[in-house]
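The values are calculated or read from the model by the stated rules, or taken from the named source; none is laboratory data. What you are looking at is a predicted structure, and each value in this text was computed from that prediction instead of being measured. Virtual Cβ from ideal backbone geometry, glycine too; neighbours counted across all protein chains shown. Side chains are part of the model used for accessible areas, which takes the heavy atoms of the whole protein and leaves out ligands, DNA and RNA. Shrake-Rupley method; radii C 1.70, N 1.55, O 1.52, S 1.80 Å.
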Amino acid sequence: MTYPVSRRSLFALTAGLGATTLFSGNALAREPKLGTQSPYFHRFMLGDAEVTVVSDGPLPLGNPKGTFTGASDDEIKKMLTDNFLNPDNIVLEQNSPVVNTGDKLVLFDTGMGTARTFGPTTGRQQKSMAEAGIKPEDIDAVVFTHAHIDHIGGVVDGSGKVLFPNAQYYIAQSDFDYWTDEGRMSGPLKEFVVHARKNLLPVRDRLVFYRDGQEFLPGIQALAAPGHTVGHHIFMISSGDKSFAFLGDLTHHQILLMERPRMEFSYDTDPKQAAESRVRMLDMLAANKIMVMSYHYPWPGLGHVVKSGEGFHYLPQPMQMLL
Ligand SMILES: [Zn+2]
């Protein structure tokens, strides 16, 4: 291919302008690389409510083999490479909405906290909140989708101090009972139980158990979507005539568990039930054209779901940088 401007004419142009104008002073100096990234929060309006997505940082799951099952290794590799994703390391985001309804400041899920089960890149939720100008002591309600380590981990700090001292905490009772059960300490997900106990028991007397279908806070309704865990819920969040669904862990991957929603995920307590919930809820969200935010989808996790072939397709929402 040819470029409209030849190197020769570019050279003539710069020579004609003269070295003193183009190449004087700092233009010749090598700039140090800055090595910093933009803050890890994103804000948007939902009716009268202000929503700030804060990140707990990327969570690398590693090779999908054994974690995502129900398709061959080659099929999984092709789905990932066809979408320009690394087939050897699945990296999930951790997107938590903080909803300011005008009356209440409500945080959904708290990240990994001090747990390093998935490496050093997680555990930045407090930092992201500070970048967003949100004070942990101003949070009125902390709502958990379920009691897994990457959702309840940030309730306490390393010394066991509760980081949201003025909040009520909301979870399904079945999930609280299951993951704080000492009897499960000998199981394969021992670390999950250790961290559920470490984070949830200190706020036991401030826990409120929501129920399926209940609007337990103004504009916030719980919908049971069990399987990933026994008490996993998603939430419809509404203000005025606007709403979105916070999906928690209904689907962990924007390609694998959308194109093939009946594939299974090894961290599911009941993978078959999780797949049933996933298909049922995604059908409902697609049919009603409801905006979604997914905890583990590419930052900041906002988009829509449409039916496609045997499964679904996720359409990320363009980031609006004006409020
Ligand atoms: Zn998760």
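Within region 219-252, the residues that satisfy the criterion of being open to solvent by 10 Å² or more (accessible area, probe 1.4 Å), on the phi < 0 side of the Ramachandran plot and either touching a strand residue (DSSP E or B) at 6+ places or on another chain (Cβ under 9 Å) or within 13 Å of the ligand (Cβ to nearest atom) (or both) are Gln221, Leu223, Ala224, Pro226, His233, Met236, Ser238, Ser239, Lys242, Ser243.
If only one of Pro165, Pro188 is open to solvent by 30 Å² or more (accessible area, probe 1.4 Å) and at pLDDT below 95, which one is it? Criteria check complete, one pass: Pro188. Residues being more than 24 Å from Tyr178 (Cα to Cα), more than 13 Å from the ligand (Cβ to nearest atom) and either open to solvent by 10 Å² or more (accessible area, probe 1.4 Å) or under 17 Å from the mean Cα position of the chain (by Cα) (or both) are entirely absent from region 267-277. Kindly indicate whether Phe108 is farther than 19 Å from Gly62 by Cβ and either within 13 Å of the ligand (Cβ to nearest atom) or in contact with a Leu (Cβ under 6 Å, 6 or more places away or on another chain) (or both). Answer is yes for this residue. Restricted to region 168-185, and to residues there that are acidic (Asp, Glu) and out of contact with any His (no Cβ under 7 Å at 6 or more places or on another chain), the residue that is most open to solvent (accessible area, probe 1.4 Å) is Glu182. Of all residues in region 282-308, those satisfying the criterion of being among the hydrophobic types (A, V, I, L, M, F, W, C) and open to solvent by less than 10 Å² (accessible area, probe 1.4 Å) are Leu282, Leu285, Val292, Met293, Val305. The set of residues from region 296-313 being under 23 Å from Lys65 (Cβ atoms) and assigned to a loop (DSSP other than H, G, I, E, B) comprises His296, Tyr297, Pro298, Glu310.
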